[in-house]
Every structure is written in C-alpha cells, then in structure tokens.
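Novice: What follows is a structure written as structure tokens; I'll ask about it next.
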Amino acid sequence: MAKVVLITGGSRGIGAATARLCAKNGYDVAISYQSNAAAAAAVVKDIAAAGRRGFAFKGNVAREAEILALFDAVEKKLGPVWGLVNNAGITGKIGRVEDVSAATIQEVIDVNVVGALIAAREAIKRMSTKRGGKGGVIVNISSVAVTLGSPNTYVWYAAAKGAVDAMTLGLGLEVAREGIRVVGVAPGLTETELHAAGGIPDRAQKLGNQVPIGRAGKPEEIAEAILWMLSDAAGYCTATTLRVGGGR
C-alpha cells in the first residue's frame, strides 16, 4: 500500500502543486478544500492520472468538527494518514494593524494556528508509535513573513505564522521518539492566489524584483521542498523549518 498524504488547502497554489507532486512520487493523496469544488476535482483528476488514489473533502479547518470528519473520511477512503501537510492558510485583506478588524485577526488565527494544531493533534493520534501507529511526518507551512514582520501588509498573518514555527519546534521535540518528524517549510513571495484574496492580485509580479534572486517563487518550487521534507532523505530533520524565500 502506498503511503497516504493529507494536504489541507490542497485545491490551490502550493497545496495543489504539492498534491500533484506527491502523486507523481508514489503517494496516495487526500486534499481538503473550503469552497472551490471544481479546482479540487481537477487536482484529484491529476492525482489519478499519475496512477495514484486521490480524494477531496470539503471542510473548514477552522472548525474542529470538520477536521475530525476530514481525518475519518480520509481513513475510510484511502487508509491511515502517514503524512500531513498543514497548508491551509489565509491572510485577510492587506493593510495596517490600525485598520484590521478583530474578526479578521480571529479568522487568521483560527485557520493558520488553531486549525493546524488540531490537525496535527489528530495526525499524532494515528501516527504515534506510542499509541500503536507506524510513525509519519507533519509538514507545517510557515512563511518568511515571520522574520520580515510584514509591516503595512499583514502583521497579524506574520504573527500567526510565528506561532506555527513555535508549534513545529515544540511538537517536533515532543514526538521525536514516537516515530514522527515535525518540520516546516517557510515560503517567500510566491505566485499564488493568496495575493488576490488579500486584495492585490499582481503583488507577486510587482514585488518580485525586490527578492534577492530577482523574482517571485513558483508553487512547484515550494512543493519540491515539501516533498523533500516528507521523504526519507530528510530523515534526520525534525523540529526545524526550511526557508525557501529566494534569499529573503
């Protein structure tokens, strides 16, 4: 049986690129999505074209009940989750802290931090050798915003991803003797739909020349880093986050 990788927010951007790459490299892949059923179906179709089993589940990772339903559905459809990619994330509209609503801050924290923690909790219950599991890997998607701070853009998102980095470190140490590696990947400026959701669709193109390497990254480049972190080649990596930011 192929190993099963679950990617939250897998219908678009980095998540979709990771799903397709994982399938090409022999994994069965489940994705969650919140609203774009057509995009999710396209990803599942590509997974099948690569000769692997795919499954898409509609759910909101900010809600515990839906995360529980997600894991149960994936297990019934594909089998036990071996790899979790905590990719689902939102920024809210780009702006300054003085203008952001409490509702936006709460939503960003709920999706990026609370959802990731609960998903990791459920993965550990199934993976931990201490609990009868066979081990596994959790990859948390962070951001270079953690160290850049994202002033005038979305300080609240940078703060949320800082919490994700702390989670990667602490959880990685907590379960290191239970057959589970917990690692992170921190993308820099990347060509994804995240910018349109924030209100500036062409942000990656406009700011690409500010990146030392001279351009924005592509989702497929970030996916390659995630795939490596999932693989045995990264077997000595845990409680650490890999920066993939073009020099930023």
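Novice: Would you check if there is a residue in segment 124-144 being farther than 29 Å from Cys237 by Cβ, in contact with a Gly (Cβ under 6 Å, 6 or more places away or on another chain), at pLDDT 95 or above and buried (at least 18 other Cβ atoms within 10 Å of the Cβ)?
Specialist: no
Novice: Keeping to segment 58-105, report how many residues are of a type in the set (A, V, I, L, M, F, W, C) and either under 18 Å from Lys3 (Cβ atoms) or touching a Lys or Arg at 6+ places or on another chain (Cβ under 6 Å) (or both).
Specialist: Qualifying residue count, segment 58-105: 9.
Novice: Looking at this structure, is Val61 assigned to a loop (DSSP other than H, G, I, E, B), within 27 Å of Val44 (Cα to Cα) and within 19 Å of the chain's Cα centre (by Cα)?
Specialist: Here the answer is yes, as Val61 does meet what is asked.
Novice: If you go through segment 98-113 one residue at a time, do you hit one that is of a type outside the set (A, V, I, L, M, F, W, C), surrounded by 15 or more Cβ atoms within 10 Å (Cβ to Cβ) and more than 26 Å from Val182 (Cβ to Cβ)?
Specialist: Taking every residue of segment 98-113 in turn, at least one turns out to be of a type outside the set (A, V, I, L, M, F, W, C), surrounded by 15 or more Cβ atoms within 10 Å (Cβ to Cβ) and more than 26 Å from Val182 (Cβ to Cβ).
Novice: Here is a further query. Scanning segment 210-242 for residues that are assigned to a strand (DSSP E or B) and crowded, with 20+ Cβ neighbours inside 10 Å, which turns out modelled with the lowest pLDDT?
Specialist: For segment 210-242, the residue satisfying everything is Gly217.
Novice: Follow-up question, since we're still on this one. Do we have any residue at all in segment 133-149 that's charged (D, E, K, R), in contact (Cβ under 8 Å) with a residue 12 or more places away in the chain and either within 30 Å of Gln210 (Cβ to Cβ) or in contact with a strand residue (DSSP E or B) (Cβ under 6 Å, 6 or more places away or on another chain) (or both)?
Specialist: no
Novice: Looking only at residues in segment 64-85 that are under 27 Å from Ala186 (Cβ atoms) and in contact with a Gly (Cβ under 8 Å, 6 or more places away or on another chain), which one is surrounded by the fewest Cβ atoms within 10 Å (Cβ to Cβ)?
Specialist: Per the stated criteria, the residue is Glu66.
Novice: Okay, moving on. Within segment 95-199, which helices (runs of 4 or more DSSP H) (wholly inside it) include 1 or more residues that are farther than 21 Å from Val244 by Cα?
Specialist: The qualifying helices (runs of 4 or more DSSP H) are 102-109, 115-127, 155-174, 194-198.
Novice: List every residue pair whose Cβ atoms lie under 9 Å apart, where the two residues are 6 or more positions apart in sequence or sit on different chains, the first residue falls within segment 74-93 and is under 16 Å from Ser128 (Cα atoms), and the second residue, located anywhere, is surrounded by 20 or more Cβ atoms within 10 Å (Cβ to Cβ) and polar (S, T, N, Q).
Specialist: Close Cβ pairs satisfying both conditions: Leu84/Thr8; Leu84/Asn140.
Novice: Working only within segment 45-55, note down all residues that are surrounded by fewer than 23 Cβ atoms within 10 Å (Cβ to Cβ) and closer than 22 Å to Glu122 by Cβ.
Specialist: Those that are surrounded by fewer than 23 Cβ atoms within 10 Å (Cβ to Cβ) and closer than 22 Å to Glu122 by Cβ: Arg53, Phe55.
Novice: Pairs under 9 Å by beta carbon, first residue polar (S, T, N, Q) in segment 224-248, partner part of a loop (DSSP other than H, G, I, E, B), six or more apart or different chains?
Specialist: Hits for this filter: Ser231/Asn25; Thr238/Val175; Thr241/Ser142.
Novice: Out of all the residues in segment 133-154, which are under 17 Å from Phe71 (Cα atoms) and over 14 Å from the mean Cα position of the chain (by Cα)?
Specialist: Within segment 133-154, Gly133, Lys134, Gly135, Gly136 qualify.
Novice: Which is part of a helix (DSSP H, G or I) and without any contact (Cβ under 8 Å) to a residue 24 or more places away in the chain, of Ala16, Ala38?
Specialist: Of the residues listed, the single one that is part of a helix (DSSP H, G or I) and without any contact (Cβ under 8 Å) to a residue 24 or more places away in the chain is Ala38.
The values are calculated or read from the model by the stated rules, or taken from the named source; none is laboratory data. Only a predicted model underlies this, so the values are computations on that prediction, with no experimental measurement involved. In this analysis, Cβ positions are derived from the backbone assuming ideal geometry, glycine residues included, and neighbour counts consider all displayed protein chains.
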